[in-house]
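Data block below; observations after.
The values are calculated or read from the model by the stated rules, or taken from the named source; none is laboratory data. These numbers come from a predicted model, not from an experiment. Counting neighbours? That spans all protein chains shown, and the Cβs are built from the backbone with ideal geometry, glycine included. Please note that ligands, DNA and RNA were not included when accessible areas were found on the heavy atoms of the full protein model with its side chains. Shrake-Rupley method; radii C 1.70, N 1.55, O 1.52, S 1.80 Å.
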Amino acid sequence: MNLDPGNIAMLAERVEHAQLNAMTLTKLTAEFPQFSMLDGYAVQDALRARAIARGSRLVGFKAGLTSKAKMKQMGVEVPSFGYLTNDMCVAEGSAIPVDGLIHPRVEAEVAFVTGTDLSGADCTAEAVLAATDFVLPALEVIDSRYEKFKFDLESVIADNGSAARYVAGGRPRNVADLDLRSLGVVVEKNGEIQACAASAAVMGHPAEAVAMLVRHLHQRGEILPAGSFVMSGGITEAIAVAAGDSIIARFQELGSISIRFV
Ligand code: OOG
Ligand code: MG
(Lines give C-alpha, C1' and ligand atoms only; values in the text may rest on other atoms or scores of the structure.)
(Ligands and ions follow the chains in the order given, each with its own letter.)
Protein backbone atom coordinates (compact mmCIF):
# COMPACT_ATOMS: atom_id res chain seq x y z
CA MET A 1 0.00 0.00 0.00
CA ASN A 2 1.32 3.43 -0.87
CA LEU A 3 -1.14 5.61 1.05
CA ASP A 4 -1.24 5.90 4.81
CA PRO A 5 -4.31 4.71 6.77
CA GLY A 6 -5.48 8.29 7.29
CA ASN A 7 -5.68 8.92 3.54
CA ILE A 8 -7.36 5.55 2.91
CA ALA A 9 -10.06 6.41 5.48
CA MET A 10 -10.46 9.90 4.03
CA LEU A 11 -10.91 8.51 0.49
CA ALA A 12 -13.42 5.88 1.68
CA GLU A 13 -15.49 8.67 3.21
CA ARG A 14 -15.23 10.67 0.01
CA VAL A 15 -16.34 7.74 -2.19
CA GLU A 16 -19.17 6.88 0.21
CA HIS A 17 -20.42 10.45 0.08
CA ALA A 18 -20.39 10.36 -3.75
CA GLN A 19 -22.23 7.01 -3.76
CA LEU A 20 -24.92 8.08 -1.28
CA ASN A 21 -25.50 11.45 -2.94
CA ALA A 22 -25.08 10.49 -6.62
CA MET A 23 -22.23 12.94 -7.02
CA THR A 24 -19.20 12.63 -9.24
CA LEU A 25 -15.56 12.49 -8.22
CA THR A 26 -12.32 13.03 -10.06
CA LYS A 27 -10.17 9.93 -10.39
CA LEU A 28 -8.33 9.25 -7.14
CA THR A 29 -5.13 8.77 -9.12
CA ALA A 30 -5.31 12.41 -10.22
CA GLU A 31 -4.78 13.61 -6.65
CA PHE A 32 -2.63 10.64 -5.55
CA PRO A 33 -0.55 9.48 -8.55
CA GLN A 34 0.97 6.73 -6.39
CA PHE A 35 -2.52 5.28 -5.66
CA SER A 36 -2.16 1.52 -6.35
CA MET A 37 -4.48 -1.45 -6.81
CA LEU A 38 -3.83 -2.42 -3.17
CA ASP A 39 -4.79 1.11 -2.11
CA GLY A 40 -7.95 0.68 -4.18
CA TYR A 41 -8.88 -2.50 -2.33
CA ALA A 42 -8.01 -0.89 1.02
CA VAL A 43 -10.46 1.94 0.24
CA GLN A 44 -13.04 -0.64 -0.87
CA ASP A 45 -12.64 -2.59 2.40
CA ALA A 46 -13.13 0.62 4.39
CA LEU A 47 -16.18 1.45 2.26
CA ARG A 48 -17.62 -2.01 2.95
CA ALA A 49 -17.02 -1.61 6.72
CA ARG A 50 -18.81 1.74 6.62
CA ALA A 51 -21.79 0.20 4.77
CA ILE A 52 -22.04 -2.61 7.34
CA ALA A 53 -21.81 -0.06 10.16
CA ARG A 54 -24.74 1.79 8.53
CA GLY A 55 -26.80 -1.44 8.67
CA SER A 56 -26.19 -2.96 5.23
CA ARG A 57 -25.80 -6.73 5.03
CA LEU A 58 -23.13 -8.37 2.84
CA VAL A 59 -24.84 -10.81 0.43
CA GLY A 60 -22.02 -11.60 -1.94
CA PHE A 61 -19.48 -10.32 -4.43
CA LYS A 62 -19.11 -9.16 -8.01
CA ALA A 63 -16.46 -9.75 -10.61
CA GLY A 64 -16.20 -7.05 -13.26
CA LEU A 65 -14.27 -6.33 -16.42
CA THR A 66 -14.23 -10.08 -17.08
CA SER A 67 -15.21 -9.96 -20.78
CA LYS A 68 -13.35 -8.47 -23.74
CA ALA A 69 -16.45 -6.38 -24.53
CA LYS A 70 -16.34 -4.73 -21.10
CA MET A 71 -12.55 -4.34 -21.06
CA LYS A 72 -12.68 -2.66 -24.47
CA GLN A 73 -15.56 -0.38 -23.47
CA MET A 74 -13.78 0.81 -20.31
CA GLY A 75 -10.17 0.66 -21.51
CA VAL A 76 -9.15 -1.50 -18.53
CA GLU A 77 -7.61 -4.93 -19.13
CA VAL A 78 -7.65 -6.42 -15.62
CA PRO A 79 -10.76 -7.73 -13.81
CA SER A 80 -11.90 -5.98 -10.65
CA PHE A 81 -13.80 -7.40 -7.69
CA GLY A 82 -16.32 -5.80 -5.37
CA TYR A 83 -18.94 -6.59 -2.75
CA LEU A 84 -22.74 -6.69 -2.93
CA THR A 85 -25.09 -5.70 -0.11
CA ASN A 86 -28.81 -6.33 0.41
CA ASP A 87 -29.73 -2.70 -0.18
CA MET A 88 -28.37 -2.79 -3.76
CA CYS A 89 -30.90 -5.52 -4.63
CA VAL A 90 -34.06 -4.53 -6.52
CA ALA A 91 -36.98 -6.75 -7.47
CA GLU A 92 -37.24 -8.24 -10.95
CA GLY A 93 -39.68 -6.29 -13.13
CA SER A 94 -39.62 -3.25 -10.84
CA ALA A 95 -39.06 0.39 -11.71
CA ILE A 96 -35.70 1.87 -10.69
CA PRO A 97 -35.69 5.62 -10.09
CA VAL A 98 -32.82 7.32 -11.91
CA ASP A 99 -32.51 10.09 -9.37
CA GLY A 100 -30.13 8.56 -6.90
CA LEU A 101 -27.99 7.48 -9.85
CA ILE A 102 -25.54 9.54 -11.93
CA HIS A 103 -25.22 7.90 -15.36
CA PRO A 104 -26.50 4.33 -14.99
CA ARG A 105 -25.63 1.50 -17.36
CA VAL A 106 -27.01 -2.04 -17.41
CA GLU A 107 -25.12 -5.31 -17.80
CA ALA A 108 -26.39 -8.86 -18.37
CA GLU A 109 -24.57 -11.39 -16.21
CA VAL A 110 -24.68 -14.97 -15.01
CA ALA A 111 -25.03 -15.10 -11.21
CA PHE A 112 -23.97 -17.98 -8.97
CA VAL A 113 -25.37 -18.95 -5.58
CA THR A 114 -22.93 -21.09 -3.62
CA GLY A 115 -23.82 -23.95 -1.30
CA THR A 116 -20.44 -24.57 0.33
CA ASP A 117 -17.49 -22.38 1.30
CA LEU A 118 -14.89 -21.71 -1.40
CA SER A 119 -11.35 -20.68 -0.54
CA GLY A 120 -7.71 -20.90 -1.42
CA ALA A 121 -4.98 -19.71 -3.74
CA ASP A 122 -5.68 -22.43 -6.33
CA CYS A 123 -9.47 -22.37 -6.53
CA THR A 124 -10.58 -23.63 -9.98
CA ALA A 125 -13.71 -23.29 -12.09
CA GLU A 126 -14.39 -26.98 -11.40
CA ALA A 127 -14.35 -26.30 -7.65
CA VAL A 128 -16.73 -23.38 -8.18
CA LEU A 129 -19.15 -25.54 -10.15
CA ALA A 130 -19.03 -28.26 -7.49
CA ALA A 131 -19.83 -25.68 -4.79
CA THR A 132 -22.62 -23.98 -6.76
CA ASP A 133 -26.21 -24.53 -5.65
CA PHE A 134 -27.68 -22.88 -8.74
CA VAL A 135 -27.06 -20.23 -11.35
CA LEU A 136 -29.53 -17.59 -12.48
CA PRO A 137 -29.59 -14.62 -14.79
CA ALA A 138 -28.98 -11.18 -13.39
CA LEU A 139 -28.84 -7.58 -14.50
CA GLU A 140 -26.37 -5.27 -12.85
CA VAL A 141 -26.92 -1.51 -12.85
CA ILE A 142 -23.48 0.08 -12.65
CA ASP A 143 -22.99 3.76 -12.01
CA SER A 144 -19.42 4.96 -11.88
CA ARG A 145 -18.93 7.80 -9.44
CA TYR A 146 -16.20 9.14 -11.71
CA GLU A 147 -16.84 11.98 -14.13
CA LYS A 148 -17.96 10.90 -17.60
CA PHE A 149 -17.76 7.23 -16.50
CA LYS A 150 -13.99 7.41 -17.05
CA PHE A 151 -11.58 5.74 -14.66
CA ASP A 152 -8.53 3.56 -14.25
CA LEU A 153 -8.35 0.18 -12.53
CA GLU A 154 -7.16 1.62 -9.19
CA SER A 155 -9.95 4.20 -9.04
CA VAL A 156 -12.77 1.84 -10.08
CA ILE A 157 -11.71 -0.68 -7.42
CA ALA A 158 -11.98 2.07 -4.78
CA ASP A 159 -15.52 2.79 -6.09
CA ASN A 160 -16.48 -0.87 -5.51
CA GLY A 161 -16.45 -1.64 -9.22
CA SER A 162 -19.17 0.95 -9.95
CA ALA A 163 -21.69 -1.27 -8.13
CA ALA A 164 -25.08 0.40 -7.68
CA ARG A 165 -28.06 -1.99 -8.08
CA TYR A 166 -28.64 -5.56 -9.16
CA VAL A 167 -31.64 -7.65 -10.11
CA ALA A 168 -31.80 -11.45 -10.16
CA GLY A 169 -34.57 -13.39 -11.80
CA GLY A 170 -35.30 -15.75 -14.64
CA ARG A 171 -35.10 -19.46 -13.97
CA PRO A 172 -32.58 -20.78 -11.43
CA ARG A 173 -30.85 -23.84 -12.88
CA ASN A 174 -28.56 -26.55 -11.67
CA VAL A 175 -25.10 -26.24 -13.26
CA ALA A 176 -25.03 -29.97 -14.04
CA ASP A 177 -27.90 -29.46 -16.49
CA LEU A 178 -26.25 -26.67 -18.50
CA ASP A 179 -23.24 -25.88 -20.60
CA LEU A 180 -22.40 -22.50 -19.11
CA ARG A 181 -19.94 -21.80 -21.92
CA SER A 182 -22.45 -21.63 -24.70
CA LEU A 183 -25.49 -19.81 -23.34
CA GLY A 184 -26.65 -17.07 -25.66
CA VAL A 185 -27.82 -13.75 -24.24
CA VAL A 186 -29.65 -10.94 -26.01
CA VAL A 187 -30.04 -7.52 -24.38
CA GLU A 188 -32.88 -5.28 -25.57
CA LYS A 189 -33.64 -1.65 -24.72
CA ASN A 190 -37.17 -0.48 -25.48
CA GLY A 191 -37.69 -3.52 -27.70
CA GLU A 192 -34.55 -3.02 -29.76
CA ILE A 193 -31.57 -5.36 -29.63
CA GLN A 194 -28.53 -3.57 -28.22
CA ALA A 195 -26.08 -6.42 -27.79
CA CYS A 196 -25.82 -10.18 -27.96
CA ALA A 197 -23.12 -12.64 -27.03
CA ALA A 198 -22.50 -16.06 -25.50
CA SER A 199 -21.57 -16.66 -21.88
CA ALA A 200 -18.11 -17.89 -22.93
CA ALA A 201 -17.32 -14.18 -23.43
CA VAL A 202 -16.68 -14.12 -19.67
CA MET A 203 -13.19 -15.65 -19.40
CA GLY A 204 -14.16 -18.67 -21.53
CA HIS A 205 -16.58 -19.78 -18.79
CA PRO A 206 -18.25 -17.60 -16.14
CA ALA A 207 -17.15 -20.00 -13.37
CA GLU A 208 -13.55 -18.93 -14.18
CA ALA A 209 -14.45 -15.41 -13.03
CA VAL A 210 -15.82 -16.78 -9.75
CA ALA A 211 -12.66 -18.88 -9.24
CA MET A 212 -10.57 -15.75 -9.83
CA LEU A 213 -12.70 -13.91 -7.24
CA VAL A 214 -12.03 -16.70 -4.71
CA ARG A 215 -8.27 -16.46 -5.37
CA HIS A 216 -8.51 -12.69 -4.94
CA LEU A 217 -10.38 -13.10 -1.63
CA HIS A 218 -7.69 -15.53 -0.48
CA GLN A 219 -5.01 -12.89 -1.09
CA ARG A 220 -7.01 -10.55 1.12
CA GLY A 221 -7.39 -13.15 3.88
CA GLU A 222 -11.02 -13.91 3.08
CA ILE A 223 -13.08 -16.80 1.76
CA LEU A 224 -16.28 -16.95 -0.29
CA PRO A 225 -18.78 -18.21 2.28
CA ALA A 226 -21.56 -20.71 1.50
CA GLY A 227 -24.75 -18.91 0.55
CA SER A 228 -22.98 -16.14 -1.36
CA PHE A 229 -24.57 -14.47 -4.39
CA VAL A 230 -21.87 -13.81 -7.00
CA MET A 231 -22.16 -11.85 -10.23
CA SER A 232 -19.59 -13.03 -12.77
CA GLY A 233 -19.39 -9.89 -14.93
CA GLY A 234 -21.08 -8.33 -17.94
CA ILE A 235 -21.18 -10.64 -20.97
CA THR A 236 -21.63 -7.75 -23.43
CA GLU A 237 -20.77 -4.07 -23.18
CA ALA A 238 -22.90 -2.11 -20.70
CA ILE A 239 -25.98 -0.27 -22.04
CA ALA A 240 -26.61 3.34 -20.96
CA VAL A 241 -30.15 3.96 -19.65
CA ALA A 242 -32.31 6.95 -18.76
CA ALA A 243 -35.78 7.48 -17.26
CA GLY A 244 -38.40 5.83 -19.47
CA ASP A 245 -36.14 3.02 -20.70
CA SER A 246 -36.95 -0.65 -20.24
CA ILE A 247 -34.34 -3.34 -20.47
CA ILE A 248 -34.90 -7.02 -21.03
CA ALA A 249 -32.15 -9.60 -21.17
CA ARG A 250 -33.07 -12.97 -22.68
CA PHE A 251 -30.82 -15.82 -21.60
CA GLN A 252 -30.84 -19.15 -23.36
CA GLU A 253 -31.90 -21.86 -20.85
CA LEU A 254 -32.12 -19.37 -17.95
CA GLY A 255 -35.15 -17.33 -18.96
CA SER A 256 -35.41 -13.59 -19.20
CA ILE A 257 -35.15 -10.73 -16.77
CA SER A 258 -36.38 -7.17 -17.06
CA ILE A 259 -36.31 -3.79 -15.36
CA ARG A 260 -37.37 -0.30 -16.22
CA PHE A 261 -36.15 3.11 -15.22
CA VAL A 262 -38.31 6.02 -14.08
C1 OOG B 1 -16.68 -1.40 -13.80
C2 OOG B 1 -17.54 -2.56 -13.38
C3 OOG B 1 -17.64 -3.60 -14.45
C4 OOG B 1 -18.72 -5.76 -15.14
O5 OOG B 1 -19.64 -6.57 -15.03
O6 OOG B 1 -17.88 -5.85 -16.03
C7 OOG B 1 -18.66 -4.64 -14.17
C8 OOG B 1 -17.36 -0.52 -14.79
O9 OOG B 1 -17.39 -0.86 -15.98
O10 OOG B 1 -17.85 0.54 -14.40
O11 OOG B 1 -19.45 -4.64 -13.26
MG1 MG C 1 -21.07 -6.04 -13.63
Dipole magnitude of the chain about its Cα centre, charges +1 at Lys/Arg Cβ and -1 at Asp/Glu Cβ only, in debye to the nearest 20?
300 debye
For segment 1-67, which trypsin sites (Lys or Arg not before Pro) are in a loop by DSSP, counting at most 14 other Cβ atoms within 10 Å?
ARG54, ARG57
Expected vector for segment 136-151, Karplus 3J(HN,Hα) from phi with 6.51, -1.76, 1.60 and θ = phi - 60°, integer Hz, x for Gly and Pro, equals 7, x, 9, 10, 10, 9, 9, 7, 4, 7, 8, 3, 6, 6, 10, 7
Which order do ILE157, ILE52, ILE248 take by accessible area at a 1.4 Å probe, largest first?
ILE52, ILE248, ILE157
Candidates per GluC sites (Glu not before Pro) in segment 141-211, loop by DSSP, up to 16 other Cβ within 10 Å
none
Mind jotting down a quarter of the surface of the convex hull over the alpha carbons of the chain, in square nanometres, one decimal?
12.3 nm²
Taking all protein chains in place and a 1.4 Å probe, what share, in percent, of the accessible surface of segment 136-177 do carbon and sulfur account for?
44 percent
Which percentage, to the nearest 5, of the DSSP beta bridges contained in the chain is antiparallel?
85 percent
Ignoring ligands, DNA and RNA, how do HIS103, HIS216 rank by accessible area with a 1.4 Å probe, largest first?
HIS103, HIS216
In whole angstrom, the spacing between the Cα centers of segment 183-251 and segment 136-164 equals 13 Å
Explain nothing, just compute: Karplus ³J(HN,Hα) = 6.51 cos²θ - 1.76 cosθ + 1.60, θ = phi - 60°, for every residue of segment 24-32 in order, whole Hz, x for Gly and Pro.
8, 10, 8, 3, 5, 6, 5, 7, 10
With DNA, RNA and ligands ignored, accessible area of SER119 (1.4 Å probe; Å², nearest 10)
70 Å²
Express the accessible area of segment 33-171 per residue in Å², computed with a 1.4 Å probe while the remaining protein chains stay in the model.
37 Å²
Qualifying trypsin sites (Lys or Arg not before Pro) in segment 158-262, DSSP loop, other Cβ atoms within 10 Å at most 15
ARG181, ARG220
So the carbon and sulfur contribution to the accessible area of segment 193-262, 1.4 Å probe, in percent, is 51 percent
